[in-house]
Amino acid sequence: MKTAQTQQTSSRGWQVSFQSILFTSILFAWLLFTGINRASAQSPKDSGLDLIKTECLDCHSGSESEGELDLASVLNHRPLVENLTVWRNIAQRIQLGDMPPPDEATLATTEKQQFANWFQTSIEQFDYSTVSQPGYTPPRRLTHSEYRHTIRDLIGVDLADTTKFPQDLSGSSGFKNSANTLFLQGTLFEKYSQSAESIMAAVFAEHASQLLELAKSQILAPGKTHKNMEDQGRAILQSFCRRAFRRPATTTEIKGLQKLFLNEFSNSQQFETAIQKTLTAVLVMPQFLLKIESATKGTNPELINDFDLASRLSYFLWASMPDEELLQLAEQGRLSKPEVLQSQIDRMLKNRRSKTLGYVFGGQWLGFEDVGIRRRQDPIDNPWCTESLMTAMRAESALFLHSLIRNDRPLAELINARYTFLNEELAKHYRIRGISGEAMRKVNLKTQLRGGILTHASVLSITAFPDRTSPVVRGHWVLDTILGTPPPEPPPNVSEISEQVLERDDLSFREKVQQHSSNVNCKSCHQEMDPIGFSLENYDNFGRYRTRQFGKKIDAHGQLPDGTQFEGSEQLKNVLVSQRLPNLTRQVTEKMLTYALGRQLEYFDEQAIRTIVMKTTENDYRFQTLIKSVINSQPFLYRQLPEAASDE
């Protein structure tokens, strides 16, 4: 029997999802059973589609399709891999005998073989280089964090308060910067207007702080060399708009703002009052609130211009506006030159603003931004769970991920790093001695109980219920969030553990979970999830280490479907790094590319994903290789207007 200490490789089954295991096994069995050689079989070009058309469309066509699966509509999309998930589901249902249903005529073995051949050649082995295109992201507003950071870098002071804004929603991409959720509603525009007024009122206040006085002087500085008020106002507006719009303002834009400025001056006879109200107007213009790229000229892929590249770079790596160096390089037309671009990526990753890759990207991908917001403990019953502790928990994970990126560490260290970031309160939570003070700092770990994202209290709390741990939730989180290989969705109306089982005092918590998981309808998924979750059972629902629960010693042993055994978090990490690093690499690639583009990935992004994964793998799985490959990918450097789906 294999163990975590001795096993160096595993079967391909543990490197892919359970659905793929099942599909591959059944397909191989058919080939042996029927004795059909693929080379001599009927050409798969049309046989699979013919089978679908003759056997499936009667039930799966139109608005009243069985199971809400309209195959007639799916068949009209080209290429067919545009609906890859649908086709994989159909293949699985056919292989398992769920389709056709029991009350319909079953498919002959040769018919199933025809479909299997067609599915492999036309879907699974599809040549994505034939559909490679960069995609298109429409104009979308700044997220609340992007807005706050942009105001800070534009004004020079952190003045934006977004706590009363309508909540940003995560799009289908899993990130809040997804274009399909970033609309400019009327209620939000009112908040922007109020925010702009309060920001500029603070900057131009009579008794402003020294920091605000500095911000005002920097805003007004461009006009100091001009002799008359009108030229002075125009110079200020041109300078401010260049930074606010992330590009030089057009003549038409400046003329409109100049007219507003002169009207305000005519009414108030006060230069600062007029410029304050005009700059307030700038902060509610679409050119500031929205990320708008230059117009696309045609339907073919086109290289984005240097100003759009500057914005894509800055909002990816900093979640904020381009700085002066990026804008100057864009004006000179030099930013897109390969050697200049690589130099700027290096510079930007070293800048403190790149911490947003930890706090924003990491917080949304891994979910730890919810600690203290959606996930917390009642402070009355748990006085140890303070706001400062939850802040430190979020900071540990954010600073850890940022350090991996900034220091160009291998992706494996996300799982097995021997260091973390702590302050005194969080160290006490972990029972780690020798740390004092509120400041977070890097700590080299001597204990094997901590190290790597899986043992962070932030992650352990968001993968538990408020009153207890959940091996199922934790196992699912590792498979889905870290490895990108989620198990199938559970059947409808299935709870994790029934109340009757939970109330049994004669069973340990592990035995209660195992009793539920033994159900024939649940076993296939749980045999992947539960072992991972059990290995993390030594950590309670807020990440504190324990050895016993309800008076019984915790059993942290797990065994995967392929026989691999491990016990506790340390051995689990060894297994993940030794056997699942390719899955982790692809998952980080997909998440980073999704966040960088601000949209859901599409089927045509597959070629870019494979290229990024290949380059990262070839360079020892380094984080910065991955990031630079994302930035140098076709989807990041190009754009293309979407085309209407073609009919068959």
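The values are calculated or read from the model by the stated rules, or taken from the named source; none is laboratory data. As the structure is a prediction and not an experimental result, all values here were calculated from the model. Counting neighbours? That spans all protein chains shown, and the Cβs are built from the backbone with ideal geometry, glycine included.
Give just the number: which of (1) over 30 Å from Thr481 (Cβ atoms); (2) touching an Asp or Glu at 6+ places or on another chain (Cβ under 6 Å) does Gly363 not satisfy?
(1)
Residues that are more than 20 Å from the chain's Cα centre (by Cα): list the helices (runs of 4 or more DSSP H) wholly contained in segment 338-440 that include at least 1 such residues.
338-350, 387-406, 413-416, 424-430
What are the residues in segment 441-460 that are surrounded by fewer than 15 Cβ atoms within 10 Å (Cβ to Cβ), free of Cβ contacts under 8 Å to residues at least 60 places away in the same chain and within 29 Å of the chain's Cα centre (by Cα), if any?
The answer is Arg441, Lys442, Asn444.
Here are Thr162, Thr130: which of them is within 30 Å of Leu317 (Cβ to Cβ) and among the polar types (S, T, N, Q)?
Testing whether each residue is within 30 Å of Leu317 (Cβ to Cβ) and among the polar types (S, T, N, Q) leaves just Thr162.
Tally the residues that are of a type in the set (Ser, Thr, Tyr) and surrounded by fewer than 16 Cβ atoms within 10 Å (Cβ to Cβ), restricting the search to segment 163-211.
Here the count works out to 7.
Can you find a residue that is of a type in the set (Gly, Ala, Ser), at pLDDT below 95 and touching a Ser or Thr at 6+ places or on another chain (Cβ under 8 Å) anywhere in segment 562-577?
Scanning segment 562-577 turns up no residue that is of a type in the set (Gly, Ala, Ser), at pLDDT below 95 and touching a Ser or Thr at 6+ places or on another chain (Cβ under 8 Å).
Say whether the condition of being free of Cβ contacts under 8 Å to residues at least 40 places away in the same chain, assigned to a loop (DSSP other than H, G, I, E, B), on the phi < 0 side of the Ramachandran plot and surrounded by 23 or more Cβ atoms within 10 Å (Cβ to Cβ) is met by at least one residue in segment 535-542.
yes
Identify the single condition in (1) over 22 Å from Glu590 (Cβ atoms); (2) β-branched (Val, Ile, Thr); (3) modelled with pLDDT of 95 or more that Thr299 does not satisfy, given that it satisfies every other one.
Of (1) over 22 Å from Glu590 (Cβ atoms); (2) β-branched (Val, Ile, Thr); (3) modelled with pLDDT of 95 or more, only one is false for Thr299: (3).
Would you check if Lys428 is in contact with a Phe, Trp or Tyr (Cβ under 8 Å, 6 or more places away or on another chain), modelled with pLDDT of 95 or more and either over 14 Å from Tyr539 (Cβ atoms) or assigned by TED's automatic domain parsing to the domain that holds Thr386 (or both)?
The answer is no for Lys428.
Those residues that are of a type outside the set (Phe, Trp, Tyr), within 19 Å of the chain's Cα centre (by Cα) and within 13 Å of Pro410 (Cβ to Cβ), I need them from segment 605-632; list them, please.
Thr616, Arg622, Gln624, Thr625, Leu626, listed by residue number.
Give all pairs with beta carbons closer than 8 Å in which a residue from segment 90-115 that is of a type in the set (Gly, Ala, Ser) meets a residue that is modelled with pLDDT of 80 or more; count only pairs at least 6 apart in sequence or on separate chains.
Hits for this filter: Ala91/Phe115; Ala91/Ala116; Ala91/Phe119; Ala91/Ile123.
Specify the residue that is farthest from the chain's Cα centre (by Cα); the eligible residues are those in segment 74-85 that are surrounded by 15 or more Cβ atoms within 10 Å (Cβ to Cβ) and within 18 Å of Ser61 (Cα to Cα).
Looking at residues that are surrounded by 15 or more Cβ atoms within 10 Å (Cβ to Cβ) and within 18 Å of Ser61 (Cα to Cα), I get Leu75.
Assess whether Glu438 counts as being closer than 22 Å to His402 by Cα, without any contact (Cβ under 8 Å) to a residue 60 or more places away in the chain, among the acidic types (Asp, Glu) and touching a Gly at 6+ places or on another chain (Cβ under 9 Å).
It is false that Glu438 is closer than 22 Å to His402 by Cα, without any contact (Cβ under 8 Å) to a residue 60 or more places away in the chain, among the acidic types (Asp, Glu) and touching a Gly at 6+ places or on another chain (Cβ under 9 Å).
Based on what the data block shows, is Lys552 surrounded by fewer than 17 Cβ atoms within 10 Å (Cβ to Cβ), charged (D, E, K, R) and under 30 Å from Ala427 (Cβ atoms)?
Against the criterion (surrounded by fewer than 17 Cβ atoms within 10 Å (Cβ to Cβ), charged (D, E, K, R) and under 30 Å from Ala427 (Cβ atoms)), Lys552 qualifies.
Out of the residues in segment 202-248 meeting the condition of being in a loop (DSSP other than H, G, I, E, B) and in contact (Cβ under 8 Å) with a residue 24 or more places away in the chain, tell me which one is nearest to Lys277 (Cα to Cα).
In this case the residue turns out to be Phe204.
On the basis of being touching a residue at least 24 places away in the same chain (Cβ under 8 Å), surrounded by fewer than 12 Cβ atoms within 10 Å (Cβ to Cβ) and on the phi < 0 side of the Ramachandran plot, does Ser129 make the cut?
yes
Count, please, the residues in segment 261-295 that happen to be surrounded by 17 or more Cβ atoms within 10 Å (Cβ to Cβ) and under 15 Å from Gln232 (Cα atoms).
9
Which one is nearest to Leu357 (Cα to Cα) among residues in segment 162-204 that are charged (D, E, K, R) and assigned by TED's automatic domain parsing to the domain that holds Pro286?
The selected residue is Lys191.
May I ask you to say which residue of Gln579, Gln600, Gln565, Gln559 is over 22 Å from Leu536 (Cα atoms), of a type in the set (S, T, N, Q) and in contact with a helix residue (DSSP H, G or I) (Cβ under 9 Å, 6 or more places away or on another chain)?
Matching residue, one of Gln579, Gln600, Gln565, Gln559: Gln600.
Return the pair list, or none, for Cβ contacts closer than 6 Å from residues in segment 595-607 that are within 12 Å of Gly171 (Cα to Cα) to residues that are hydrophobic (A, V, I, L, M, F, W, C), at least 6 apart or on different chains.
As it stands, the answer is Tyr595/Phe175; Tyr595/Phe361; Gly598/Ala179; Arg599/Ala179, since those pairs meet every condition given.
With the structure loaded, tell me whether Asp480 is at positive phi and of a type in the set (Asp, Glu) or whether it fails that test.
When the stated conditions are applied, Asp480 does not pass them.
Please count how many residues of segment 252-300 are in contact (Cβ under 8 Å) with a residue 40 or more places away in the chain and among the aromatic types (Phe, Trp, Tyr).
2
Quickly run through segment 456-469 and pick out the residues that are in contact with a helix residue (DSSP H, G or I) (Cβ under 7 Å, 6 or more places away or on another chain) and over 15 Å from Arg374 (Cβ atoms).
Hits for segment 456-469 are His456, Ala457.
Given the options Arg152, Arg88, name the one that is within 26 Å of the chain's Cα centre (by Cα), of a type in the set (D, E, K, R), surrounded by 14 or more Cβ atoms within 10 Å (Cβ to Cβ) and under 30 Å from Leu327 (Cβ atoms).
Checking each option against the conditions leaves just Arg152.
Could you say which residue among Thr625, Thr564, Thr611, Thr617 is surrounded by fewer than 23 Cβ atoms within 10 Å (Cβ to Cβ) and assigned by TED's automatic domain parsing to the domain that holds Gly475?
None of the others qualify; the one that does is Thr564.
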